[in-house]
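See structure below.
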Amino acid sequence: MSENIFITEERIEGADDGPLAGKTVAVKDNISTAGVRTTCGSKMLEEYVPPYDATVVARLKEAGATIVGKANMDEFGMGTTTETSYFGETDNPAAPGHVPGGSSGGSAAAVAAGEADLALGSDTGGSVRCPAAFCGVVGIKPTYGLVSRYGLVAYGNSLEQIGPFGETVEDAAALLDVIAGSDERDATTRSEGDDANYADAATGDVDGLQIGVPTELLEGADEGVVETFWDAIAELEDKGASYHEVSLPSVEHAVEAYYVIAMSEASSNLARFDGVRYGHSGGYDGNWNETFAKAREEGFGDEVKRRILLGTYALSAGYHDKYYKKAQDARAWVKQDFDEALTEADVLASPTMPVPPFELGESLDDPLKMYLADANTTPVNLADLPAISVPAGETDGLPVGLQLVGPAFGEERLIRAASALA
Ligand code: GLN
């Protein structure tokens, strides 16, 4: 396949009937599938075959879906382009020659290319919304605690959620219906979504909806992206919504705070990959320290190593207060800002990504450029809130996504509003 969408193409058949009977689903390769390789896009887990299903995979099977493959991704979810995958880059079916976004780039590309009806990704700082925006499909980042993370290989566990992709809002919502809901195997799940009906919420009714536009999330964004964003807002206005500007002063610190927290959690989560407990082994040569170091040196790519080093530094004695604690303070401030803004508006709207899709290879040597592209998505993970990315149009032939953010467990509201644009 020219797009390099799947790492492993193996069909997993679900139950004979159910709400997703006849639907094909691509699953990001950091979500465990019993008996089917789950690599996280890493050489470290090239041979890893999980002995159990993630809760979301068990729910897909029960719902009658057919899993058609494990989708390519940035290594361990670390990236915005899917180019950090050990298994090579994925081309963007909606904009050939450009990245599909990341880290769930294979999942979004699978839906955009028609290789799957639906897909699952995970979103730690934007990894569902960014590829949805770049590939011109719909992606939902659920409220923290709505979807079980049991069987998701952890990157930044205080930030991440598994989320659905679909070609339409209704499709993505129907997949959310299947995966959402409390799970005794993940103590961070909550029961608030247990009775929700997301697919039925896709009515497109935005009459009277108050949209808040955080001015900070338009600053520094590409001109064509901003223009497309305002066109989408005008469309919502035509359908009965109104908008006003709101302010989220704390978001200027969000990218920094996100990366300190995500890298700190990653450095701790990835400690288990030492070639003995888990992962690639370079062989034992009589010295355990060197054995572990060799396994990690060979098994991890550059971006993962960079983050383990920075995260370990941020957590080390003497620097913990200076970096990690400060980032947690910023996180609390970001949460408070969102809560306040959401008392003044029903939903908050911004471009999902401040830039259109990068050309393949364009950002690989410039990690900072890649990190800064997460300016509009990472604040939402810091605040634990739900968000949806829906196609807003194009700039110079490249897809642009509109992001809507709502209050905790307000997914139905987001789905109702976003479906007005479809
Ligand atoms: N681009 C962000 C990062 O690299 C987000 C990744 C994600 O959500 N998994 O950390």
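Values in this text are rule-based calculations from the coordinates and carry no lab data. Everything quoted here is computed from the prediction, not taken from an experiment. Virtual Cβ from ideal backbone geometry, glycine too; neighbours counted across all protein chains shown.
Calculate how steeply helix 326-344 sits against the longest principal axis of the alpha-carbon atoms of the chain, using the helix alpha-carbon long axis, and give the answer as 0 to 90 degrees to the nearest 10. Helix 326-344 and the main axis of the chain meet at about 20 degrees.
Per-residue ellipticity at 222 nm from helix content only, as computed over the chain with -39500 (n - 2.57) for each DSSP H run of at least four residues, stands at -9500 deg cm²/dmol. The spacing between segment 64-89 and segment 349-397, judged by their C-alpha centroids, is 17 Å. What FRET efficiency would be calculated for the residue pair residue 191, residue 302, taking the C-beta separation as r and a Förster radius of 41 Å, to the nearest 0.05? That gives a FRET efficiency of 0.50. With the dipole of the chain worked out from charges on the C-beta (+1 for Lys and Arg, -1 for Asp and Glu) around the Cα centre, which of 215, 178, 269 lies farthest toward the positive end? Result: 269.
What you get for the chain, charging only the Cβ of Lys and Arg (+1) and of Asp and Glu (-1), is a dipole of about 1500 debye around the Cα centre. In this simple spin-label model, placing a label point 7 Å from the Cα along the Cα-to-Cβ direction at both residue 290 and residue 157 gives a separation of 3.4 nm.
Reachable lysines from residue 28, Cα under 27 Å, same-chain residues fewer than 8 places away excluded? In chain and number order, the partners are 43, 61, 70, 141, 305, 369.
Helix 169-179: angle to the longest alpha-carbon principal axis of the chain, degrees 0 to 90, nearest 10? Helix 169-179 sits roughly 50 degrees off the main axis of the chain.
With contacts taken as Cα pairs under 8 Å at a separation of at least 6 residues, the chain carries a relative contact order of 19 percent.
Rounded to two decimals, the Cα-based Rg/Rh of segment 236-341, with Kirkwood Rh, is 1.23.
At a threshold of 8 angstrom on Cα-Cα distance, excluding pairs fewer than six apart, so keeping six or more, what relative contact order does segment 43-200 reach in percent? So the answer I get is 19 percent. In degrees from 0 to 90, rounded to the nearest 10, what is the angle of the helix 288-299 Cα long axis to the longest principal axis of the chain? Result, in degrees: 40.
Can you list the lysines whose alpha carbon sits under 22 Å from that of residue 325, skipping same-chain ones fewer than 8 residues off? Once the sequence-local lysines are set aside, what remains near residue 325 is 335.
Measuring how big the chain is from its alpha-carbon positions, Rg and Dmax come out at 20.0, 71 Å.
Here the scattering of segment 6-158 is modelled by Debye summation over its C-alpha atoms, one equal scatterer each and no solvent; at q = 0.10, 0.17 Å⁻¹ the log10 of I(q)/I(0) is -0.29, -0.88. By the rule of a C-alpha distance below 15 Å, with chain neighbours fewer than 8 residues away ignored, the aspartates and glutamates paired with residue 294 are 274, 285, 302. Dipole size of segment 1-127 about its Cα centre, with +1 on Lys/Arg Cβ and -1 on Asp/Glu Cβ: approximately 180 debye, rounded to the nearest 20. A dipole drawn for the chain from +1 and -1 charges on Cβ atoms has a positive end, and of 415, 336, 148 the residue lying farthest that way is 148.
Write down the Å³ per residue value for the convex hull defined by the alpha carbon atoms of segment 339-422. Display every interim value, and only then the final one.
Working: hull volume 8.5 nm³, N = 84.
So the per-residue Cα hull volume is 101 Å³.
Taking the DSSP bridge list for the chain and keeping only pairs wholly inside it, about 65 percent are antiparallel.
Geometric descriptor of segment 90-238, per residue, is 141 Å³ (volume of the convex hull of the Cα atoms). Remark on segment 275-417: Rg and Dmax equal 20.4, 64 Å (Cα only).
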